[in-house]
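Shown next, in structure tokens, is the structure this report addresses.
What follows draws every value from the coordinates through simple rules; no lab data is involved. Just so we're clear, the structure is a prediction, and the values are computed from it rather than from any experiment. Using ideal geometry, Cβ is built from the backbone for each residue, glycine included, and neighbour counts are taken over all protein chains shown.
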Ligand SMILES: [Ca+2]
Ligand SMILES: [Ca+2]
């Protein structure tokens with residue numbers, strides 16, 4: 001073979017390779033819509049297998065919803081696998097190393113949740129329905145040991161609707177227990193209210209994790225230091241957005257006139273698989289609690305945390321002078337930077353800069369009072385807790 005022959009062979013090879021890459025690229029760019037099935041175990045596995053990593057390659061809101069579900073369930077799998085496999089190893093590590101590992105993990109989860117949150121925030125289904133989903137069919141080897149145990153099989157299953165004394169814990173390794181308490185076949189035809197439900201959960205959880213990462217924990221003195229105040233401001237914003245989204249979700253649920261494979265049902269809807277049955281009074285309580293929570297979170301209502309304030313907060317955390325209340329927004333945006341010791345023995349942090357005089361335009365928040373009232377009656381209290389867990 002002469003040199004020129006070799007060169008020509010190589011250039012043909014290069015051209016062929018370029019063509020193949022080009023075709024491959026072209027084929028990917030022109031790909032048919034993904035086959036989406038979130039209602040069977042095999043369909044779920046198949047759908048998630050073909051999902052692109054990059055959300056920008058998704059072409060429809062249905063694909064975005066499937067993508068978000070695949071990401072969240074996989075995130076859950078990786079967290080549980082990480083937790084179980086590290087449990088023994090971590091026992092022998094110095095505390096500072098454990099803290100560093102947990103912090104890295106939290107940052108990883110935050111990064112992923114931020115992407116999923118942004119995808120969810122852009123969804124707008126309008127009046128239409130998206131995918132039919134059956135979370136009880138999303139079955140994954142969550143701890144990565146190669147076995148599918150009963151608790152893993154039904155990890156995402158929804159508790160049966162309207163059980164009076166339901167066990168609200170996670171599924172146990174007991175098939176009979178699952179069949180009594182859960183509805184593994186329950187299906188939801190996703191609508192915009194359900195998208196908002198998922199979005200608010202993402203905003204709350206990412207907000208809480210961001211909150212945690214604002215602080216550094218010194219494992220020698222067990223002292224918490226506010227190391228990243230910008231993250232505290234970001235957490236305030238995320239949780240504030242979660243409260244807004246939750247309000248939009250409640251409005252969206254109440255505005256629905258159809259009644260088919262619903263998630264949260266308004267008092268007129270009958271075809272729901274949501275574990276809690278909510279009547280008109282529940283919706284009213286929900287509205288009041290969330291309105292008070294938003295006003296308190298944004299510093300329009302002040303927490304009665306002064307030394308002589310009545311109620312739980314006044315007794316537990318006397319932070320402000322008499323006649324003053326705590327402005328939560330102010331506290332998050334201009335936090336005290338001195339170290340805060342864990343446990344009740346240390347002095348309370350100086351938050352006086354976030355204390356403001358109570359006045360008709362800055363009234364005391366009724367949030368603590370609402371929580372106490374709920375706690376004082378076991379029936380109402382249990383209901384409220386379940387409410388907050390599921391409804392957000
Ligand atoms: Ca397993
Ligand atoms: Ca609905």
Once residue 132 and residue 372 are pulled to full extension, the length gained, defined as 0.36 nm per residue separation minus their Cα-Cα distance, is 82.4 nm
Computed from the beta carbon distance with a Förster radius of 22 Å, FRET efficiency for residue 93 and residue 221 to the nearest 0.05 stands at 0.70
In cubic angstrom per residue, the convex hull of region 33-278 built on its Cα atoms measures 149 Å³
With a Förster distance of 22 angstrom and the Cβ-Cβ distance between residue 114 and residue 145, calculated FRET efficiency to the nearest 0.05 equals 0.15
Taking 0.36 nm per residue of separation between residue 357 and residue 277 and subtracting their Cα-Cα distance, the length gained on full extension comes to 24.7 nm
Residue span residue 103 to residue 333: 0.36 nm per residue of separation minus Cα-Cα distance leaves a gain in nm of 80.5 nm
Each label sits 7 Å from Cα toward the beta-carbon; between residue 124 and residue 268 the label points are separated, in nm, by 2.5 nm
If each part is reduced to its alpha-carbon centroid, region 88-121 and region 129-150 end up apart, in Å, by 23 Å
Restricting to Cα pairs under 8 Å and 6 or more apart, the percent relative contact order of region 33-278 works out to 19 percent
